[in-house]
Structure formats: structure tokens, C-alpha cells
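Student: The structure under discussion is supplied below as C-alpha cells; questions concerning it will follow.
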Amino acid sequence: MDFANNSVGVNSAIFIAGALLVWGAGTKLSKYVDLFADRTGLGKAFAGVLLLGGATSLPELATTLTASHSGAAELAGTNLLGGVVMQIAVLAVIDALVVRGRPLTLFSPQSSLLMAGIMLIGLIALASAAVVSGELFAVVGVGFWPVLLFVAYLFSMWVIYRYEGDPRWEPRGEIAQPPESAHDLKDAHHEAFRNVSMSRLVASFFAASVVVLVGGFFVASTGEALAEQTGMGQSIVGATLVALATSLPEVSTTYSAVRFGAYSMAAGNILGTNSLEIALFLPAELVYREGPVFDALQPSAAFLGAIGIIATSLYLWGILERRDRTILGMGIDSFAVLVVYLGGMAIYWTL
């Protein structure tokens, strides 16, 4: 299917339709994962990192495979790195619009989230180093850096899972619900699914994930075509338009999770998605046959990684300090993240 033969209007319409599919299915995913975590005893933070983060990364997977297979490795790479900082900004927007009066990080007192953030910073740093250095060597057409990033991702998941089961310290201070508690909404949802079996719940989760994947495919394909038709270039479109569209599952699931009062799962979703995005450089390498994928990226892509590290660090600061002061209805950390994101993207446009 060659979307380049369509007009800009048609591709824009398909892009929007794909984005709506991603949004609609994404709103269901957090509800299913929340139920699954409650029934199995799986920690909310780890459920967000692994299950919700994995499911909402499907559009990024579709984008990565589609763009890399067609030779648009720069679009794929900048989408992955640009998506990291954009999804941290999603938490800031949710903080401002949904959790009013107190910071979102005040209600996420999980030390495992700090561990997830530390692992993510390490992954982003490795990816940035790969962009700057280029591929070091390849075996059977597969480069060293993508394999290292994927192995590091698996290691980080093991560390987070082990740590959440046996945390070495616990937070002190107030642990409270926000002014408008979400317990009634969550209880109503659990009551509605009381008679739904675990097998049906898992089937619903996978069905919503497939819809997200299909929507992500159309977003990726039309995004690549729009990059060529508008003359904006793969790097800009990948870091902004496509990254925004493929972040819709994170927006919808994070919004839903926060409304349900699953604050740690919401933060874990973003951190887990971002970690998996770095691991997706390996699938990109496997389907991109014009050389090492990191050699196809511009050095400016490392700037996106740097912004992602700064934004992640700001949220770890918020989770660790747990202050209740706000600016414009959001936490100081969220405000700082939005400033870094907007300022960083303005600079990136000039590179």
C-alpha cells in the first residue's frame, strides 16, 4: 500500500482516523491492566511498566517496522527518541488537567518508579551514545548498539520486577488521595467487570492491543508520506507529528489511570513505554536493510535523547521530594518538564 500516491488531504484524513483508533483502544487498556493487577496481585507500578507500557508501545512498534522497512530509518529513530520526551510531557499535561491542586508525583510514592526512571535514563544515555558514535560493528547485518540496547532493556525489567517485590526503603510523609477522589469511579468499573472471567479480560486486552497496532500502522505510513509531501523532512515529522500520534495510547491510558486513582500505574506506563521505545531500535535494525540504523540518524537526534534525560530526571526529583506546591495548577516538576520540552523542541527545529 503506497500512501505517497494519495493527496495530502487523503493522507491527513487517514492519519486522523488512525490516531482516533489508537486513542479509542488506548482508553480501554488501562482499565484492563488495572483489573488484571488487582486480580493477580501484580504491583501497579510494575504492571504499568510491563503490561501497559508494552501495549501502548504497539504504535511505536508499527511505526518503527513500517518506516524502517521502507528505508525511512531517520523517521523511525527520531520518532523513538522524540516520543520519550513527549510522553514525559504527557504526564505534565495530565497533572495540569486532571489532578488539580496538588502535584501528580505526590500521589506516586513508589520507590520502584525511581528504579524504573534510573533504568530509563541509562537506556537513553546508551542510545544517545550510539547516535553520536555511529555503529561500531555488525554481525550478520545486525549492529552492536541495537542488541546492547535490547539486552539492557530486558535487564532493566528484571531489576524493576525484583526491586518492587522487595523494596529497600519506603517513602515517608503524607500519602493521600487528591481533592477529587477517583475511588467511586474505580469501584463502579470493578463492579461492572465483577462477573467477567480472567480469560475474557485477557482476550479484551489483546483485542484492544490489536486495534492500537492497526491504528499505529496507518499513522506511521501516512506520517512518512506527509513528511515527503509537505517537505518538512523525516526528522521533524518523526520527532513531532508521528511522535504525537503514536503517543495517543499513553495519553488516553494515563488519563484513564489517573481518573481511576492508579497514579503509580500511570507513571509506570510512561516510564515503561519509554524504556521499550529504546529497545525498539533492534526491530528497526532487523528490518532496515540499507545499513546500520544508527548510521542513518543525524547527530541532532542525540539532542532529543538529552532532553529525554532531563525531563525524566525532573520527574524523579518530583517523586523523590514529594512537595505539594504547584504552579498554574500543576506540580513544579510538571511545569519544569513542559518548559524543557517546549524549549528543547524549539531548539531542535533549528538544528
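All of the numbers you see were taken from the coordinates with simple rules; none came from a lab. Only a predicted model underlies this, so the values are computations on that prediction, with no experimental measurement involved. Don't worry about glycine lacking a Cβ; one is built from the backbone with ideal geometry, like all the others, and counts go over all protein chains shown.
Student: Suppose each label sits 7 Å from its Cα in the direction of the beta carbon; what would the Asn5-Gln229 distance come out to in nanometres?
Tutor: 1.4
Student: Under 14 Å from the Cβ of Met115, count the other residues' Cβ atoms, weight Lys and Arg +1, Asp and Glu -1, and hand me the total.
Tutor: Taking every Cβ under 14 Å from that of Met115, the sum is -1.
Student: Quick one: Karplus J couplings for region 149-162, per residue in order, coefficients 6.51, -1.76, 1.60, θ = phi - 60°, nearest Hz, x for Gly and Pro?
Tutor: Values, residue by residue: 5, 5, 4, 5, 5, 4, 4, 5, 5, 5, 5, 5, 4, 5 Hz.
Student: Between region 300-342 and region 72-106, how many Å separate their Cα centres?
Tutor: Cα centroid of region 300-342 versus Cα centroid of region 72-106: 10 Å apart.
Student: Which ordering of Thr254, Thr326 is given by a fewest-first count of other beta-carbon atoms within 10 Å?
Tutor: Ordered by Cβ neighbours within 10 Å, fewest first: Thr326, Thr254.
Student: Between Val142 and residues 5 or more places away or on another chain, which pairs have amide H atoms under 5 Å apart, with H built 1.01 Å from N, and which residues are they?
Tutor: none
Student: May I ask you to sort Trp169, Trp317, Trp145 by Cβ crowding, counting other Cβ atoms within 10 Å and putting the fewest first?
Tutor: By the 10 Å Cβ count, ascending: Trp169, Trp317, Trp145.
Student: If we count other beta carbons within 10 Å of each Cβ, what is the order of Asp324, Asp166, fewest first?
Tutor: On the way: Asp324 14, Asp166 6.
If I rank by nearby Cβ atoms, fewest first, I get Asp166, Asp324.
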